[in-house]
Amino acid sequence: MYQDIEQILISSAEIGAKVRDLGAAISRDYASKDLAIVAVLKGAAIFLADVSRAITVPVTFDFMAVSSYGSSTRSSGVVRILKDLDKSVEGRDVLVVEDIVDTGLTLNYLLDNLSSRNPASLEVCALLDKASRRQVPVGLKYVGFSIPDAFVVGYGLDYQDRYRNLPDICVLKSYGK
């Protein structure tokens, strides 16, 4: 798989250290709260598994699957909910765990949708922030890494459902994108 990789952008060791820092910050901020983590599938699954083990307060998990990419490397801007929450978040402190935020279109849609469900609070923890591509403003309370405008894979991120299992965040070689 590494033959398709242009460079390792963030090593697994760097990711591990940042995940521990994020878990500690989340634990401090939600020490006496009823925290419901909503992970965005599929990309955030690996990040959720690691960051949740670094959180020392009780949490519940739920999952949503949304799509705005299809098989492309660029967001279409059209968001579809593929899987909705199993439980209500009304009155709960909700933390959305996302793998990457770039244009903000998908996350903005998701936050609007979740906000309409009357949570006590609604915040975002994103492993990667690609702010240079932002089209709509979104508030990110916890951010692992700010990255340049490159197409990245690994640690849950994919291209056509491949490369999720790479332990590092890597820049994918050009595929005529």
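The values are calculated or read from the model by the stated rules, or taken from the named source; none is laboratory data. Computed from a prediction, not measured in an experiment: that's the story for all the values here. Quick reminder, even Gly has a Cβ in these numbers, built from the backbone with ideal geometry, and neighbours come from all protein chains shown. Side chains included, ligands, DNA and RNA excluded: accessible areas come from the protein's heavy atoms. Shrake-Rupley method; radii C 1.70, N 1.55, O 1.52, S 1.80 Å.
Quick check on my filter: what residues within segment 30-67 are charged (D, E, K, R) and touching a residue at least 60 places away in the same chain (Cβ under 8 Å)?
Lys33, Asp34, Lys42
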>> Looking at segment 94-118, I want the residues that are touching a residue at least 12 places away in the same chain (Cβ under 8 Å) and have a partner that is of a type in the set (Lys, Arg) with Cβ atoms under 6 Å, at least 6 apart or on another chain. Which pairs are those?
In response: Asp102/Lys130; Asp102/Arg133; Thr103/Arg133; Gly104/Arg134
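So how many residues does segment 1-46 have that are hydroxyl-bearing (Ser, Thr, Tyr) and surrounded by 16 or more Cβ atoms within 10 Å (Cβ to Cβ)?
Qualifying residue count for the region: 1.
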>> Considering only residues that are part of a loop (DSSP other than H, G, I, E, B) and either open to solvent by 30 Å² or more (accessible area, probe 1.4 Å) or among the charged types (D, E, K, R) (or both), which ones fall in segment 80-116?
In response: Asp84, Asp86, Lys87, Ser88, Glu90, Gly91, Arg92, Asp102, Ser116
> Which of (1) open to solvent by 60 Å² or more (accessible area, probe 1.4 Å); (2) among the polar types (S, T, N, Q); (3) at pLDDT 95 or above is the odd one out, the single condition Gln160 does not satisfy?
Replying inline: (3)
> In this structure, does Leu127 turn out to be in contact with a Gly (Cβ under 7 Å, 6 or more places away or on another chain) and either exposed (fewer than 12 other Cβ atoms within 10 Å of the Cβ) or not small (Gly, Ala, Ser) (or both)?
Replying inline: yes
> In segment 141-157, how many residues are polar (S, T, N, Q) and surrounded by 17 or more Cβ atoms within 10 Å (Cβ to Cβ)?
Replying inline: 0
>> Taking the conditions exactly as written (of a type outside the set (Asp, Glu), modelled with pLDDT of 90 or more and in a strand (DSSP E or B)), does Leu128 satisfy them or not?
In response: yes
> Of the numbered conditions (1) open to solvent by 10 Å² or more (accessible area, probe 1.4 Å); (2) farther than 22 Å from Ile26 by Cβ; (3) in contact with an Asp or Glu (Cβ under 8 Å, 6 or more places away or on another chain), Cys170 satisfies every one except a single condition; which is it?
Replying inline: (1)
> Is there any pair with a first residue in segment 1-14 that is in a helix (DSSP H, G or I) and a second that is modelled with pLDDT of 95 or more whose Cβ atoms are under 6 Å apart and which are 6 or more apart or on different chains, and what are they?
Replying inline: Ser12/Pro167; Ser12/Asp168
> Are there any pairs, at least 6 apart or on different chains, whose C-beta atoms fall under 9 Å, with the first in segment 161-177 and polar (S, T, N, Q) and the second open to solvent by less than 70 Å² (accessible area, probe 1.4 Å) and at pLDDT 90 or above, and if so, which?
Replying inline: Asn165/Ile46; Asn165/Gly154; Asn165/Tyr155; Asn165/Gly156; Ser174/Phe151
